[in-house]
Structure formats: structure tokens, C-alpha cells
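Data block below; observations after.
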């Protein structure tokens, strides 16, 4: 009951976000309509970090309480997180080509997000490779904790690695945003957060059904 | 006291086994010599290019040797039901982790000393004058690498595609460490001293602390039946 409602709510919010981003928000002066990709790019990146934070909390909860539900949430959230990280990288690339003139640059922020992507791909691989369900859940929980603690280290190291040697790239959106643009962005952030919650709820349910299914 | 004793027993057992089998260390040292050939053949034509890439190559060598060495650290326990023996042992399970970590540090240190000496001889690097800094960076980097390597080795010991999964898990996690080590080594080899890369040294120390503490705290969950 709750889950389908969450889905409809997410769809409604995404519709509203699209209207806000493409219709109501003004064209950016220097970049033109290309800049509108921000309305999905930023929410994707936000949801990715949120998802990995949820993996961290759910992993601790699993090791502490041994509740299978926490394990399923961690699993589902990691999958959603990897998908949204991939989307953030893809939309960033599409945005970067016309504005920076390149699909990819080893900029600090790009690199750290790319590292998160491979880190959690490894997490999903570990889950896929262990047959014993309980053991897999335990190992994945340990890795979920380690990976989350690694995120600040990745952040600092990659930041120093890049920005001590070359000036930071000009970031669109680093300038103060007019109210309409900010509002449109916030609506989209909320919309994609709802979508993420829907994904996790749905996927957790599928995982539970798969567990209950007689082998 | 008993905790340290448990760790020591594990370490002593591994040293004794290795002393009699002479398997891992010999192959590893041979592997590091081979790495030198690879570096020379791929980059050596141009001396300047090789010199510029040296800090990276050095740590590439350490990491590759580490991947081989660390990944094997729990394999020996799979034979003759040793795994069950470890589980049945009394006391805190994380003592096993500490013992294994100490063993891995010894193996890595041996390999690193040899690789460093070979670099000095064959690539004409002035290792001596930079030695104190190199040792500090080496120790910091190796602790972090071995700490997570030991955790993942225990995790992947029972997995089918172990030799694939181990590097796939370890490498992305170790990027901060690798960056810090390469940058600090670069500074030391250029004679700049560690003062100019203090933030990297601090990052390495922080990473070591996090990795070792997490490794100790999570090990009992890995070793459950």
C-alpha cells in the first residue's frame, strides 16, 4: 500500500521537477539550455551519496541486530546508489562536453565520484559471489562500513591531488543562484530522493520474496 | 597480555610455516625482480621519463607484490580444517587479525626492502640520502595496505573467484593511500623533505588509524562460522 503510493508520489514530483526545470526556470545566460541538465545531474549526485550513507547505517544495523531487513535495505540501497552514481557521471559527461569541451577530466570531484562508483560496484560483486546468504550479508556489511569510512579519505586525497597543482575548474552553478533556479533544483532533489526511496522499498521487497522462495 | 600472546602465536605459526615451506617469500622476491624488468622494458628507453615515473613505479611494485602476498594470507588456513581450528581457539578473535597483520607487514617489509635496493642499483636512484623519509612513508603506506589487505584476504578466502575479487575490492579502497604515498615519495626523492608534504603524511596516518581500527573491530564478523 505504502510502496505504490511512494511510486506515484515520486512520479508526480519528477513531473513537477521537469516542468520547473524546463518550463519555469529561466535560460542560463552563458550556457543556454545546456545548463538545464543541472536539474537532474545534481539530484543524481545527491541521491548517490544518500544511498551510500544508507548502506553504511544499514550495515551497522545488520551487524548489530542481525535483522535480515537491514541487510536487504543495504543491498537495495547499494544497487540504487550505483545506478544513480552512474547517472550522475553520465549526465556530468553530457554537460561537460559542450561547456568544458571534454567528456571527462580528472578533476577532483569527478575522480572521487568515479572512485565511489567502482568501490560500490565491488561491493555488489562481493554480494554476487558468495552463495551462502548469511555469510554474504555479513561480509557485505563489513565492506559497506569500510567503504563509507573511506569516502572522506578519498575526498581529501583526490582534492589535494588535483587542486594543489592546478586551479580549480570554473564550476557552473558555483555562483549565487536566483530563487527560481534554486527552487526548481530543490523540487528535483526531493523528486529523485522519493524515486530512490521507492526503488529501495521495491527492491527490498523483491529480495525478501526471493529469499522466501523455496530453493 | 593474553591478547598479545594470541596474536604472537598466530604470527609465530605463520613464520614457522613459511620458514619450512619457503613458498611465498621466494616467489614474491622473484616476482619483484621480474617487475623491475617490466618497468625497464616499458619505460626504460628514456631515462628522464623513467626517473619522473619512479615514485609511481615504486608504489606500483609494492601494490602488485602486496596484492599477491596479502591475498594469500588466509589460504593456508583452508587446508586441513585450520579454519575451524582458528574458530575454536579461545579468546578475542581479533587477536588472529593482529597476528596475521603482523605477518603480512613482515612479508611486505621484506619485499619492499629488496625492491627499494634493486631500484637503487638498477635505476640509479639515490636511495641512501632519502632513506629516513622513504622508510617513514613506506611504513605508513604498508600498514594501511596490509590492514585492509588482511581484512579482504579473510573475506575472500572462501570465495570461488578469490584472486579476482581481492584486487577488485582492495584497489579502489586504497586509492587515497596510494596517492599519498606517491606524492610523499616524490617529495622525498626530490629532496624536498617531508615538511612540504605534511598534509599527505597526516592523511596516511589517519588512513592507517581508520583501517587498523576498523580491521580489528570487524574481524570477528568475518571469522564467524
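The values are calculated or read from the model by the stated rules, or taken from the named source; none is laboratory data. Being a predicted model, the structure only gives us computed values, none of them experimental. All Cβ positions, glycine included, derive from the backbone under ideal geometry; neighbour counts span all protein chains shown.
Can you pull out the residues in the stretch B:210-219 that are in contact with a helix residue (DSSP H, G or I) (Cβ under 6 Å, 6 or more places away or on another chain) and more than 7 Å from every other protein chain (Cβ to nearest Cβ)?
If the condition is that a residue be in contact with a helix residue (DSSP H, G or I) (Cβ under 6 Å, 6 or more places away or on another chain) and more than 7 Å from every other protein chain (Cβ to nearest Cβ), then B:211, B:212, B:215, B:216, B:219 are the ones that fit.
Among the candidates B:167, B:176, which residue alone is more than 7 Å from chain A (Cβ to nearest Cβ) and either more than 21 Å from residue A:119 (Cα to Cα) or touching a helix residue (DSSP H, G or I) at 6+ places or on another chain (Cβ under 6 Å) (or both)?
On inspection, the qualifying residue turns out to be B:167.
Which residue, of B:39, B:62, B:31, is modelled with pLDDT under 90, at negative phi and within 21 Å of the chain's Cα centre (by Cα)?
Being modelled with pLDDT under 90, at negative phi and within 21 Å of the chain's Cα centre (by Cα) holds for just one of B:39, B:62, B:31, which is B:39.
Name the residues in the stretch B:126-147 that are surrounded by 18 or more Cβ atoms within 10 Å (Cβ to Cβ) and closer than 15 Å to residue B:59 by Cβ, would you? Reasoning before the result, please.
Residues of the stretch B:126-147 surrounded by 18 or more Cβ atoms within 10 Å (Cβ to Cβ): B:130, B:133-134, B:137-138, B:140-147.
Within the stretch B:126-147, B:130, B:133, B:134, B:137, B:138, B:140, B:141, B:142, B:143, B:144, B:145, B:146 qualify.
Is it true that residue A:95 is surrounded by fewer than 19 Cβ atoms within 10 Å (Cβ to Cβ) and more than 9 Å from chain B (Cβ to nearest Cβ)? Quick ask: steps written out before the conclusion?
On the way: surrounded by fewer than 19 Cβ atoms within 10 Å (Cβ to Cβ): no; more than 9 Å from chain B (Cβ to nearest Cβ): yes.
No, not satisfied.
Could you tell me which numbered condition residue B:199 fails, if it satisfies all but one of (1) without any contact (Cβ under 8 Å) to a residue 40 or more places away in the chain; (2) in a helix (DSSP H, G or I); (3) more than 9 Å from chain A (Cβ to nearest Cβ)?
Every condition holds for residue B:199 apart from (3).
Among residues belonging to the stretch A:159-215 that are outside any loop (DSSP other than H, G, I, E, B), over 26 Å from residue A:9 (Cβ atoms) and touching a helix residue (DSSP H, G or I) at 6+ places or on another chain (Cβ under 9 Å), point out the one that is modelled with the highest pLDDT.
Among them, the one singled out is A:211.
Just one of B:184, B:207, B:153 is under 19 Å from the mean Cα position of the chain (by Cα), crowded, with 23+ Cβ neighbours inside 10 Å and facing another protein chain (nearest Cβ under 8 Å); which is it? Before the answer, list the steps.
On the way: B:184 fails: facing another protein chain (nearest Cβ under 8 Å); B:153 fails: facing another protein chain (nearest Cβ under 8 Å).
On inspection, the qualifying residue turns out to be B:207.
I'm told residue B:192 meets every condition in (1) within 19 Å of the chain's Cα centre (by Cα); (2) surrounded by fewer than 21 Cβ atoms within 10 Å (Cβ to Cβ); (3) more than 7 Å from every other protein chain (Cβ to nearest Cβ) except one. Can you identify the failing condition by its number?
With respect to (1) within 19 Å of the chain's Cα centre (by Cα); (2) surrounded by fewer than 21 Cβ atoms within 10 Å (Cβ to Cβ); (3) more than 7 Å from every other protein chain (Cβ to nearest Cβ), residue B:192 is out only on (1).
Would you point out the residue of the stretch A:98-129, among those that are in contact (Cβ under 8 Å) with a residue 12 or more places away in the chain and part of a loop (DSSP other than H, G, I, E, B), that is surrounded by the fewest Cβ atoms within 10 Å (Cβ to Cβ)?
Step by step, filter the stretch A:98-129, then rank; the result is A:106.
Mind listing just one residue for me: the one in the stretch A:15-35 that is surrounded by 19 or more Cβ atoms within 10 Å (Cβ to Cβ) and assigned to a helix (DSSP H, G or I) and, of those, modelled with the lowest pLDDT?
So in the stretch A:15-35, the residues surrounded by 19 or more Cβ atoms within 10 Å (Cβ to Cβ) come out as A:17, A:20-21, A:25, A:35.
Then drop every residue that is not assigned to a helix (DSSP H, G or I), which leaves A:17, A:20-21, A:35.
On the way: A:17: 89, A:20: 86, A:21: 84, A:35: 81.
Across the stretch A:15-35, the extreme among qualifying residues is A:35.
Condition check: touching a residue at least 24 places away in the same chain (Cβ under 8 Å) and outside any helix (DSSP H, G or I). Does residue B:125 satisfy that?
Yes, satisfied.
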